[in-house]
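The next block holds one structure in the form of C-alpha cells; read it before the comments.
Computed from the coordinates by the stated procedures, all read-outs in this text should not be read as laboratory data. Since we're looking at a predicted model, the values are computed, not measured. Positions of Cβ are backbone-derived with ideal geometry, glycine not excepted, and every protein chain shown enters the neighbour counts.
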C-alpha cells in the first residue's frame, strides 16, 4: 500500500485489519510519528528500510537549500489552517 502514513489512527485501519493478505508492504515518504507508527507496526510490520533526504541529496535528488519563511496569519486564516489539520 502506498501512502501508508494515512493509516495508523483511524477508520482506514479497518481495511488493514480485514485484509487476509499473508504479507503486507507499506510505502511512504512521510513516516508518521507515534502513536500511528506503533499501530502501523502492528498492522503491517516493522520498518525494514529507511533513507533520509541527506542520503539522497546530490545523487538522486538535486542539491537544495532549505529556506523557511515565516508568515503571519490572520485569526480567520489560523482557524482555517487548524481546521484543515484536524480534518
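A few points about this structure:
- Helical runs assigned H by DSSP (4 residues or longer) give the chain a calculated mean residue ellipticity at 222 nm of -9000 deg cm²/dmol, each run adding -39500 (n - 2.57) before division by the residue total.
- Sorting 78, 39 by the number of Cβ atoms found within 10 Å of their own Cβ, with the fewest placed first, yields 78, 39.
- Taking the C-alpha atoms only, the angle from helix 75-86 to the longest principal axis of the chain is near 10 degrees.
- For the chain, the percent of C-alpha pairs falling in each 5 Å distance bin, counted from 0 to the bin holding the largest distance, reads 3, 11, 16, 16, 13, 14, 15, 9, 3, 1, 0.
- Footprinting exposure proxy ranking of 30, 68, fewest other C-beta atoms within 10 angstrom first, gives 68, 30.
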